[in-house]
Amino acid sequence: MRKLILQMQLSLDGFAAGPNGEHDWVFKSGPDAAGFQKIIEIAQSCDTLLLGRKTSEGFIAHWESIAGKPDSREIELARQIVNMRKIVISRSETAANGVNTEVSNDDLTTLVSALKSGPGENILVYGGVELVSSLISLNLIDEYCLFICPIALGLGRSIFQEQKALKLESSTVYQNGKVLNIYLPVCPPAP
């Protein structure tokens, strides 16, 4: 059975975005080759990417642009993302732009259960906050890959809306100060 893997960057105080959706703080610690390689490895284990509608708007175009720049240090990840099946989760939209991109208005539990039981590699979710919060609340995440950035925001948007017991599987510290904590749910996720 395929796994649904969440990969997100969080602040030290647990926020996935600033109060107005800001993400500029994610890059303040600077690049780290080993950390970026881990992001590529996680993406390589997946063939499907779930995105919230708001996140997809700039995300898909950004990575398609990078994939067309052979001198970019991010080209390997960009090509992986472009080649993935991308499902934009929306309550209202019925179409989205981008290579290998489709929109789903289906119930999240039904959609994720069908994806998990289908053929293929793992399923990855990057965001947005609302989508991820819903997936967590519905117990659909199988693995949490949380990059903790060395910055406290004070205020922001959290992906956790309720208490959630997780088991630390591994922890890796990177030279730029980020820490990747991989957690598994204590209660098994829904199929």
Report the charge-dipole magnitude of the chain in Debye, nearest 20, computed about the Cα centre from +1 at each Lys and Arg Cβ and -1 at each Asp and Glu Cβ. 140 debye
First select every other residue whose beta carbon is under 15 angstrom from the beta carbon of Pro150; then total the charges, Lys and Arg +1, Asp and Glu -1. -1
Convert each backbone phi in the stretch 42-54 into a coupling constant with the Karplus relation 6.51 cos²θ - 1.76 cosθ + 1.60 (shift: θ = phi - 60°), then list the ³J(HN,Hα) values in order as whole Hz, x for Gly and Pro. 4, 4, 5, 7, 10, 10, 9, 10, 9, 9, x, 4, 5
Isotropic mean projected area of the C-alpha convex hull, the stretch 50-97 (nm²): 3.3 nm²
Please build a GNM for the chain, connecting alpha carbons under 10 Å apart, and tell me which residue among Leu124, Leu155, Leu135 fluctuates the most. Leu155
Assigned charges on the beta-carbon of Lys, Arg, Asp, Glu; the stretch 1-79 dipole about Cα centre (debye): 240 debye
Helix-only CD estimate at 222 nm, as mean residue ellipticity for the chain, using -39500 (n - 2.57) per DSSP H run (n ≥ 4): -8500 deg cm²/dmol
Be a star and scan the stretch 112-146 for residues whose amide nitrogen sits under 11 Å from the point 7 Å along the Cα-to-Cβ vector of Asp106. 112-118
Once you charge only the Cβ atoms, +1 for Lys and Arg and -1 for Asp and Glu, what is the size of the charge dipole of the stretch 82-191 about its Cα centre, to the nearest 20 debye? 240 debye
Sequence order, the stretch 66-81: Karplus ³J(HN,Hα) from phi using 6.51 cos²θ - 1.76 cosθ + 1.60, θ = phi - 60°, Hz rounded, Gly and Pro as x, gives 4, 4, x, 10, x, 8, 6, 6, 9, 4, 4, 5, 4, 5, 4, 5
How far, in nm, would the chain grow between His23 and Lys54 when pulled straight, counting 0.36 nm per residue and subtracting the alpha carbon separation? 9.8 nm
Using a 10 angstrom cutoff on alpha carbons, build the Gaussian network for the chain and name the most mobile of Thr172, Thr55, Thr101. Thr172
Where the centre of each part is set by its Cα atoms, how far does the stretch 22-37 sit from the stretch 48-82, in angstrom? 16 Å
Can you give the three extents of the C-alpha atoms in the chain along their principal axes, from longest to shortest, in whole Å? 43, 39, 32
For the stretch 89-191, report the % of Cα-Cα distances exceeding 17 Å. 63 percent
Any idea what the alpha-carbon Rg over 2.2 N^0.38 Å comes to for the stretch 61-136? 1.21
Lys69 versus Ala33: modelled label distance in nm, points set 7 Å from Cα along the beta carbon direction: 2.0 nm
Stretched fully, the stretch from Leu12 through Ala61 gains (0.36 nm per residue minus C-alpha distance, one decimal, in nm) 14.7 nm
With the cut-off at 13 Å, report for the stretch 1-59 the share of all Cα pairs above it, as a whole percent. 72 percent
What are the residues whose amide H is under 5 Å from the amide H of Leu49, where those residues sit 5 or more places off or on another chain and H is modelled from the backbone? Arg85, Lys86, Ile87, Leu124
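Each value in this text was obtained by applying a stated rule to the coordinates, not by laboratory testing. Note that this is a predicted model, so its numbers are computed, not measured. All Cβ positions, even for glycine, are placed from backbone atoms using ideal geometry, and neighbour counts span all protein chains on display.
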